[in-house]
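*Asks:* Input: one structure, supplied below.
The values are calculated or read from the model by the stated rules, or taken from the named source; none is laboratory data. On a predicted model such as this, the values are computed, not experimentally measured, just so you know. Ideal geometry is used to build each Cβ from the backbone, glycine not excepted, and the neighbour counts take in all protein chains shown.
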Amino acid sequence: MRYKILSILAIFSLSACSTVDGASEDLSSAWSSITNIGGDEALKDYTAVIYQHSQEPIANYSFQTMQVCHISNDGLSEEELLILIQKDYELAKRCWDMLLDYPSKDVRFFKEGSVEHEVLQEFEANKSNYAALFTQK
């Protein structure tokens, strides 16, 4: 999520500095690529937060989720989830269930304005896309 914000700020800076006629076309294509990043970023952002939680002193459930889902510090990408599904469907299903249940274990996901709340909303909006991966086995 922070990469999106930085990218958007960079585009605004470029648009303010550009005076070439062709720059506006480049700007609009860059803007649409950023705003259409889609669901993969939602999964990566959400799982990156889980990874960060797993590094805290008392991190039982987040650590278990990180282990089961094989989450790295960058989060879990859609491609990595698909590979996990293909390698071990039952483990991937367990991972998915843990990802869906994770917010119930941590109140930070329900505090308005928190990073956790924002990534959860983004993930919730895209979770049906990830659930569909399980039927493409």
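*Asks:* Suppose the filter is buried (at least 16 other Cβ atoms within 10 Å of the Cβ) and either modelled with pLDDT of 55 or more or in contact with a Ser or Thr (Cβ under 7 Å, 6 or more places away or on another chain) (or both); does Tyr51 pass it? If you could, list the steps in order and put the result at the bottom.
*Replies:* On the way: buried (at least 16 other Cβ atoms within 10 Å of the Cβ): yes; either modelled with pLDDT of 55 or more or in contact with a Ser or Thr (Cβ under 7 Å, 6 or more places away or on another chain) (or both): yes.
Answer is yes for this residue.
*Asks:* Please go through the stretch 68-110 and pick out each residue that is under 14 Å from the mean Cα position of the chain (by Cα) and of a type in the set (Gly, Ala, Ser).
*Replies:* Ser72, Gly75, Ser77 - these are the residues of the stretch 68-110 that are under 14 Å from the mean Cα position of the chain (by Cα) and of a type in the set (Gly, Ala, Ser).
*Asks:* Which one is modelled with the lowest pLDDT among residues in the stretch 90-137 that are assigned to a loop (DSSP other than H, G, I, E, B) and not acidic (Asp, Glu)?
*Replies:* Going residue by residue through the stretch 90-137, those that are assigned to a loop (DSSP other than H, G, I, E, B) are 106, 111-114, 137.
Adding the requirement that they be not acidic (Asp, Glu) leaves 111, 113-114, 137.
Working: Lys111: 93, Gly113: 92, Ser114: 93, Lys137: 53.
Looking at the filtered set, the residue picked out is Lys137.
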